[in-house]
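Worksheet: one structure, shown below.
Throughout, read-outs are computed from the coordinates displayed, never taken from laboratory work. No experiment lies behind these values; they were computed from the predicted model shown. Here the Cβ positions follow ideal geometry from the backbone for every residue, glycine too, while neighbour counts run over all protein chains shown.
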Amino acid sequence: MGRIIAIDYGTRRTGIAVSDPLQLIAGGLATVETRELERYLTQYIAREDVSVIVVGKPLKMNGAPSETMRFVLPLVARLHRTYPSIEVVLYDERFTSAIAHRAMLDGGLRKMARRNRALVDKISATIILEDFMSSRRAEQHR
């Protein structure tokens, strides 16, 4: 069983989270400039066994695709082509930024630290990954 990588795609920066090899624990991995994302993933996947890539699906509150979707869909297509043996999944990312900010508040981070967009992106990716893994476990127990 390989790791799961989650991506919180942004037009400037992208947050990345990863699971442990047993797919039990999610942790923030990095925030990279989006133009470096695919290079970063290639280097990471060369070092680690990855079985799933989860890409946050940017939706508006009403469920319609957000503006960012026009960048995410081509990324997903490239990931499918580049890594045919790795499952690539789009997963609803609504509310992850708000949940990330709430987690930062609850964790006692000071105001300046909460303004760190790179940290918010990495936490958002971690939330996407945790939610994805929870939903997978729930499906397996049905």
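Brief remarks follow.
- Ascending count of other beta-carbon atoms within 10 Å, so fewest first, for 134, 85, 66: 85, 134, 66
- Taking the number of Cβ atoms within 10 Å of each Cβ as an exposure proxy, the fewest-first ranking of 133, 1, 61, 69 is 61, 1, 69, 133.
- The range 1-58 pair-distance distribution - Cα-Cα, 5 Å bins, rounded %: 5, 20, 31, 27, 13, 4, 0
- Distances between placed amide hydrogens fall under 5 Å for residue 92 paired with 57, all partners being 5 or more residues away or on another chain.
- Under the simplified labelling scheme, the residue 11-residue 62 pair shows an inter-label distance of 2.1 nm, with each label point 7 Å from Cα along Cα→Cβ.
- In order along the range 122-139, phi translates into HN-Hα couplings of 5, 5, 4, 4, 5, 5, 4, 5, 4, 5, 4, 5, 5, 5, 5, 5, 4, 5 Hz, rounded to whole numbers, per the Karplus curve 6.51 cos²θ - 1.76 cosθ + 1.60 with θ = phi - 60° and x for Gly and Pro.
- Put simply, the amide H of residue 3, placed in the peptide plane, has neighbours under 5 Å in 49, 50, 51, leaving out anything fewer than 5 places away on its chain.
- Shown is the FRET efficiency for residue 20 and residue 69, computed with R0 = 35 Å from the Cβ-Cβ distance and rounded to the nearest 0.05: 0.70.
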